[in-house]
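Asks: Below: one structure in structure tokens.
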Amino acid sequence: MFDKEAKHHVYEALTPDVVLDALSNLGLEVDGRLTALSSYENRVYQVMLDDNSSVIAKFYRPERWCDAQILEEHSFAAELMAEEVPLVGPLHLHGKTLHHAHGFAFSVSPRRGGRMPELDDAEVLEWIGRFIARIHNIGAKQEFASRPTLDVNTFAIESRDWLMAQSIIPMDQQTEWLAVCNQAIDIAKDKFAAHPSHQIRLHGDCHPGNILWTPTELPNGGPHFVDLDDARMGPAIQDLWMLLSGERAQQTQQLSMLLDGYEQMRELNRNELALIEPLRTLRLIHYSAWLARRKDDPAFVQHFSWFGTSDYWAGQTHMLMEQCEAMQEEPLYV
């Protein structure tokens, strides 16, 4: 279990004055009102301006992405917006989308509100499916040069090896977790080998919290994405499976609705349906390493006080065992 005392972290230097000063130096007339938004990976703020409008300032987690990788995200966003895909991308200020101040890289975007979509509504799922297909049509036009690929090695093997090298897992859970993790990785590798897929540029983290919905009676109403921070290369099904929930019958129905919209704009390789459970398994392993890498963040205990205990790792072992079974079942079929 991790020490719950806050440790020195670079984010401790990101004070409200630093945020306001960084934006003011770009020529934005900030009025001093600042609201921290719900974001842990990066630090994101709504900043009010003198004319009572607001912008969103995103300060990137240091050492996660290099500038080239962030700029690829911005370039992808610009491609999508140029094709009128409803996505909120960074503003060009002084001819740039990426800025630096006080040791932080940051961007500034327009503020656009909304709520999480109603995923039990067939029309909403179909609309989101069309939206994702439009992203993929543009994502397939070229490849990322700097951003990584979502695969067994980057998400599972590297995560497992780092967790073991750092002695993160308590000794009373380590042997069992490692054995089950290795079994899960082996099954996932076999599934990816048996069901090859074309790699395209993806949103990468397409869960309901990254989709905002505005009333359809409003101009530009409907869904829009607000975060391409996890954009990377990978199979198209990655941007669909995280919108599924519930038992198998419910997931099948949701997937059918998504594909009703998706395949109006782009054909999905149905071979990729067999990758849903392997991708869920990779995310499970990757998430544990993602958490452990951030244990020194001053906000860690507030958000993840449950992480690192023997009970946590026992639960992870159990979930990986369930995933080993799920990966060997017949894939969802629509």
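Asks: Set Lys and Arg Cβ to +1 and Asp and Glu Cβ to -1, take the dipole of segment 273-334 about its Cα centre, and tell me which of Ala274, Val301, Met321 lies farthest positive.
Replies: Val301
Asks: Fewest Cβ neighbours within 10 Å first, please rank Ser24, Ser159, Ser109 accordingly. Before the final figure, lay out the partial values.
Replies: Values: Ser24 13, Ser159 23, Ser109 18.
Starting with the residue having the fewest Cβ neighbours, the order is Ser24, Ser109, Ser159.
Asks: Further question: Using only the Cα atoms of the chain, what are the Rg and Dmax in Å?
Replies: 20.7, 59
Asks: Over all pairs of distinct alpha carbons, what does the Kirkwood formula give as the hydrodynamic radius of segment 10-110, in Å?
Replies: Details: mean 1/r = 0.0713 Å⁻¹.
One decimal place: 14.0 Å for the Kirkwood radius.
Asks: Taking only the alpha carbons of segment 119-265, what extent do you get along each of the three principal axes, in Å, biggest first?
Replies: 57, 37, 29
Asks: In the chain, what % of DSSP beta bridges are antiparallel (nearest 5)? Write out the running numbers ahead of the final one.
Replies: Working: 27 of 29 bridges.
Percent antiparallel among DSSP bridges in the chain is about 95.
Asks: So, R0 is 35 Å and r is the distance between the beta-carbons of Arg266 and Tyr40; what FRET efficiency does that work out to, to 0.05? Intermediate results must be reported in sequence, preceding the final value.
Replies: Details: r = 32 Å, r/R0 = 0.92.
Using R0 = 35 Å, I get an efficiency of 0.60.
Asks: If the chain between Ser24 and Gln328 were fully stretched, how many nm would it gain, using 0.36 nm times the residue separation less the Cα-Cα distance? Don't skip to the end; give the middle numbers.
Replies: Values: separation 304, 0.36 × 304 = 109.44 nm, distance 5.54 nm.
Here the segment from Ser24 to Gln328 would lengthen by 103.9 nm.
Asks: So how strong a dipole does the chain carry about its Cα centre when Lys and Arg Cβ are +1 and Asp and Glu Cβ are -1, to the nearest 20 debye? Can you show the working numbers first?
Replies: Working: 28 positive and 49 negative charges, 103 e Å.
Dipole about the Cα centre, nearest 20: 500 debye.
Asks: Let me ask something else. Lys/Arg Cβ at +1, Asp/Glu Cβ at -1, dipole of the chain taken about the Cα centre: which of His100, Leu28, Gly113 is farthest positive-ward?
Replies: His100
Asks: Round to a whole angstrom and tell me the spacing of the C-alpha centers of segment 21-51 and segment 111-173.
Replies: Cα centres, segment 21-51 to segment 111-173: 27 Å.
Asks: For segment 217-260, what D do you get in µm² per second when you plug the Kirkwood radius from alpha-carbon pairs into Stokes-Einstein at 37 °C and 0.692 mPa s?
Replies: Numbers: Rh = 12.8 Å.
Answer, rounded: 257 µm²/s.
Asks: Within segment 301-317, which residues have the backbone N less than 18 Å from the label spot 7 Å out from Ser167 along Cα→beta-carbon, could you tell me?
Replies: 308-310
Asks: Still on this structure: Report, by chain and number, residues whose modeled amide H sits under 5 Å from the one on Leu150, excluding near sequence neighbours (fewer than 5 apart, same chain).
Replies: Met233, Gly234
Asks: Sticking with this structure for a sec: What number, rounded to the nearest 500 deg cm²/dmol, is the helix-based mean residue ellipticity at 222 nm of the chain, given -39500 (n - 2.57) per DSSP H run of at least four residues and division by all its residues? The partial results should precede the final answer.
Replies: Working: 10 runs with 138 residues, N = 334.
It lands at -13500 deg cm²/dmol.
Asks: Going by amide H atoms built from the backbone, whose H comes under 5 Å of the H on Asp31, apart from near neighbours?
Replies: Residues meeting the amide H criterion: Met48, Leu49, Asp50.
Asks: Here's a follow-up. In nm, what is the difference between 0.36 nm times the number of residues separating Ala82 and Asp121 and their Cα-Cα distance? Provide the component values of the computation, followed by the final result.
Replies: Details: separation 39, 0.36 × 39 = 14.04 nm, distance 2.89 nm.
Here the answer is 11.1 nm.
Here, each number is a calculation from the coordinates, and none is a lab measurement. Keep in mind it's a predicted model, so treat the numbers as computed, not measured. Neighbour counts run over all protein chains shown; Cβ positions are idealised from the backbone, glycine included.
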